[in-house]
Amino acid sequence: MGRKLNAAQKEAVCHETGPMLVLAGPGSGKTTVLLCRILRLLEKRLARPREILALTFSKASADEMKERFQRAKGPESVSFGTFHSIFFRILRSKYGWGVERVFQEEERRNVLRHIMEEAKWDIPDMEEYITQFFSQLSLMNSELESPKNFEPIGMPVEEFRKLYNAYERYKERHEKLDFDDMLTLCYQLLNEDAEVRTYWQGKYKFILVDEFQDVNKAQFECLRILAEKHRNLFVVGDDDQSIYAFRGARPDFLLHFPTLYPDAKKVTLNINYRSTERVISLAEKVIGNNETRFVKNMKGIGEEGDRVVFFLAEDMAKEAECIGEKIAKLLDEGVPLTEIAVIYRTNLQGGAFARELYKRGIPYDLRDNSGNIYEHWVAKDLLAYLLLAENEESDGGLRRILNKPKRYIGKDLLAEAETMPYNLMRSLFVCPSLKRWQEEHLENLRTDLNHVRKKSPYDGLKYVRKVIGYDEYLEEFAAYRRTSAQVLWEIADEIMETAKDCANVTVFRQRLEELSQQVKEQTQKKDQKRKGVALMTMHGAKGLEFQAVFLPSLVEGVVPHEKGMEEIEEERRLFYVAMTRAGEKLCLSAIKKRYEKETKPSRFLAEMGLDAEKFFT
C-alpha cells in the first residue's frame with residue numbers, strides 16, 4: 001500500500017486486541033495505517049470480514065477508504081460507513097424504516113419556512129435564520145441535551161423552543177426523521193433495548209474510527225456501547241486538529257481515552273510525509289502553546305524546503321493584489337492551479353481574493369459555499385438606502401429601511417399610507433393619523449437622504465452607518481438574536497469595500513450583481529471537479545493538502561478571530577490546521593489596516609518567533 005511502514009505505523013497496524021489510541025499528526029499516513037490494520041486482522045484470522053466496522057465522518061471519506069481497501073484486494077464484506085449510515089442501519093433493523101422516511105435538507109428547510117410563514121414571523125433573514133436554527137438543533141442533539149436546558153446562540157430561547165416544538169410535531173405527524181435523529185434515536189435504542197444492544201455488540205468484533213477528534217457526545221456514547229463486549233476499539237485522530245466545537249465535536253473524548261480505557265495502548269504517528277521541515281517546525285512552535293493536548297513532536301523526512309515567506313500590506317485590497325501577483329508567479333514557474341490555496345479565517349474574506357483573481361483571469365474555486373454575501377439582507381438594506389437617496393419614489397427601498405434604525409412607523413400607519421395615491425414617502429406625510437414626532441423622524445430621514453445623495457456610494461454608506469445609525473440598528477438586532485454584532489458589521493464592511501471606486505449608485509448596483517453572479521456560478525460548480533486556485537476557510541481546508549498555501553490577514557480579531565477569543569486553544573488549532581495544509585511553500589501575510597481601522601499583528605506570529613510588531617510601527 002505505497003511506501004514501507006515506519007516503526008510507529010507498524011506498531012499500530014500490528015496491534016491485535018483491546019483498545020488502542022493512535023495519535024496521527026498531519027500528513028502521517030493515518031488512512032494507510034487503518035487499511036493495513038484491517039488487512040492484517042483478516043490475514044491473522046483475528047476476525048471475519050463482516051465482523052469489522054470502519055467509521056468516518058463523510059460519505060466521501062468512507063467511499064474513498066472502501067475504494068482504496070478494495071484496490072488492495074480487501075474483501076467487500078468489511079463495513080465502511082459514516083456514523084449516520086451505520087446508526088440508521090441499526091434503527092432500520094429494529095423498525096424497518098426505509099430511506100424515504102429521512103428528511104432531505106431542502107425538504108426540512110421548506111417545512112420550517114412554512115411553519116414561520118404560517119405564524120407570520122417577521123424575520124429579515126429567513127434563510128439565514130433557518131440555517132442557524134438547524135445548526136443549534138444539531139448542537140443540542142449532539143450533546144444529548146433537552147430543549148429545556150439548551151441555550152441556543154443566534155436566536156432567543158423562546159423562539160428556538162417554539163420552532164423546535166412545531167418542527168417535532170410535524171415530524172411526528174408525517175412519520176419523518178432527520179440526520180440528528182439517527183444519532184439520538186440510535187443512542188436511545190442501544191441504551192434501552194437489551195436484545196438490540198446484545199445483537200449489535202456481538203456483530204462487530206473490531207471497530208476502527210478515523211478522525212476521532214471530531215466525535216461528539218452522541219456519537220461517542222453509541223460507539224462506547226457498541227464496543228463494550230469485545231473492547232476492540234481502535235481510534236485514530238489528532239487532538240491538535242479538533243476544530244468543530246460549534247458542531248459539538250471536541251477533543252475531550254480523544255484526550256480522555258486513556259482514562260476511559262486504562263488498558264488502552266497508545267502510539268504516536270509523528271512523521272509528516274506532506275510538509276517540509278520549515279513548515280512543520282513553525283507549526284509545532286505555534287501549537288506547542290496549547291496546554292490541553294498530547295505532545296507529538298512532529299518531524300518531516302529531512303527536506304528543509306523553501307523559506308516561509310511573510311509580508312505586510314497596507315490593507316486587504318493591497319494584500320489581495322500582492323497574493324494575486326505571487327500566484328501568477330507560481331503559475332509561471334509551473335505550479336499547477338489546483339496545487340495553490342488561499343486559506344482564510346472567515347467566508348467574508350474570500351471576496352477580496354475572488355475579485356483579484358477574476359481581474360487577472362486566473363481561474364479560482366470558492367470551496368465554501370455558505371451563502372451569498374452580496375444577497376445578504378444587510379447588503380440589500382445598504383443598497384436600498386442609496387437607491388432611496390437617489391430616488392425618493394423607491395417604495396421598495398423605503399419599506400426595507402423605514403425602521404432601520406427605529407423610526408416608530410408602525411404597521412397600521414404603513415397600511416394607511418398604502419391606500420394613498422402617491423409614492424410611499426409622500427403618502428406617509430399626508431396620513432391623517434401621522435403624529436408630530438413620527439413626522440420629525442420622517443423629516444430627518446429626508447434630510448439624511450439628501451446628504452447621502454451628494455456623496456459617492458462609499459462615503460454615502462459610511463454616512464448611513466455612522467450618522468443615520470444603521471450600525472446601532474445592527475447592534476440592537478444582534479442583541480435580540482443573542483449573537484455578535486461583529487459579524488453583521490463585517491458584512492457591512494465588506495459591502496462597503498465593494499463600493500470603493502464606484503462612481504455612482506448604478507455602477508455599485510451592477511458590481512453587486514456581477515459579484516453575486518460569480519458566487520452563484522461557483523455554487524453550481526460545487527459537485528464538479530475543481531480546476532482553479534482554491535479559496536477556502538480554515539475549517540473547509542481540513543483534510544486537504546497543497547503545494548503552495550497563502551494565509552492572509554494574520555491580525556488580532558481575524559486570526560485569532562474576535563468571537564473565538566474565549567476559546568483561544570481552538571483558534572490556535574484552526575491556525576495549525578491551516579499551516580499544515582502546505583507541502584512546500586507557505587506564505588503568511590498581515591495588514592496594517594482593516595476596513596480603515598488600525599490592526600495589531602496576530603499573537604500566533606510572535607509564537608512562531610516572528611517579531612511582526614516592528615513591521616507595524
Listed residues ILE153, ILE409, ILE115 arranged by accessible area, highest first, probe 1.4 Å
ILE153, ILE115, ILE409
Determine the calculated [θ] at 222 nm for the chain from helices alone, applying -39500 (n - 2.57) to every DSSP H run no shorter than 4 residues and normalising by the residue count; nearest 500 deg cm²/dmol.
-15000 deg cm²/dmol
With all protein chains present, segment 561-617 has a carbon and sulfur share of its accessible area (1.4 Å probe) in percent of 46
Does segment 465-603 classify as rounded, prolate or oblate by the C-alpha gyration tensor (a ≥ b ≥ c root eigenvalues; a/c under 1.5 gives rounded; else a/b over b/c gives prolate, otherwise oblate)?
oblate
Rank LEU348, GLY74, ASN270 by how far each Cα sits towards the positive end of the charge dipole of the chain (+1 on Lys, Arg Cβ; -1 on Asp, Glu Cβ) and give me just the farthest.
GLY74
Return one whole number: the accessible area per residue of the chain in Å², for a 1.4 Å probe.
46
What is the local net charge at LEU34, summed over the other residues whose Cβ is closer than 13 Å to its Cβ (Lys, Arg +1; Asp, Glu -1)?
+2
Quick check: pseudo-label points 7 Å beyond the Cα along Cα→Cβ at GLU195 and ILE153, how many nm apart are they?
4.4
Counting only protein heavy atoms and using a 1.4 Å probe, what share of the accessible area of segment 216-375 belongs to carbon plus sulfur, as a whole percent?
47
By how many nm would the segment from GLU567 to GLU390 grow when fully extended, if each residue of separation counts as 0.36 nm and the alpha-carbon distance is taken off?
59.2 nm
Rank-order 281-287, 96-102 by packing density, defined as the average count of other C-beta atoms within 10 Å over each peptide's residues, highest first.
281-287, 96-102
Reviewing (1) 83, 74, 73; (2) 89, 61, 40; (3) 163, 51, 39, the figure for Cα extents along the principal axes in Å actually calculated from this model sits under (2)
Dipole in debye (nearest 20) - segment 430-529, about Cα centre, beta carbon charges: Lys, Arg +1; Asp, Glu -1
220
Between the residues GLY532, ALA492, VAL22, the Cα farthest towards the positive end of the dipole of the chain, that dipole coming from +1 and -1 charges on the beta-carbon of Lys, Arg, Asp and Glu, is from VAL22
Place +1 on the Cβ of every Lys and Arg and -1 on the Cβ of every Asp and Glu in segment 89-182, take the dipole about the Cα centre, and give the residue among TYR170, PHE134, GLY154 whose Cα lies farthest towards its positive end.
TYR170
By the Cα gyration tensor axes a ≥ b ≥ c (a/c under 1.5 gives rounded; else a/b larger than b/c gives prolate, otherwise oblate), the shape of segment 373-430 is prolate
Segment 432-512, relative contact order [Cα under 8 Å, separation at least 6], %
29
Would you work out the charge dipole size for segment 327-368 about its Cα centre, treating the Cβ of every Lys and Arg as +1 and the Cβ of every Asp and Glu as -1, and quote it to the nearest 20 debye?
220
Once the piece of chain linking TRP437 and LYS597 is laid out straight, how much longer is it, given 0.36 nm per residue of separation minus the C-alpha distance between them?
54.0 nm
Can you tell me the dipole magnitude for the chain around its Cα centre, using point charges on the Cβ only (Lys, Arg +1; Asp, Glu -1), in Debye to the nearest 20?
1920
Using only the heavy atoms of the protein chains and a 1.4 Å probe, how would GLU51, GLU303, GLU321 rank by accessible area, largest first?
GLU303, GLU321, GLU51
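The values are calculated or read from the model by the stated rules, or taken from the named source; none is laboratory data. Since the structure is predicted, the reported quantities are computational estimates derived from the model, not experimental observations. Every residue, glycine among them, receives a Cβ derived from its backbone with ideal geometry; neighbour counts consider all protein chains shown. Heavy atoms of the whole protein, side chains included, go into the accessibility calculation; ligands, DNA and RNA do not. Shrake-Rupley method; radii C 1.70, N 1.55, O 1.52, S 1.80 Å.
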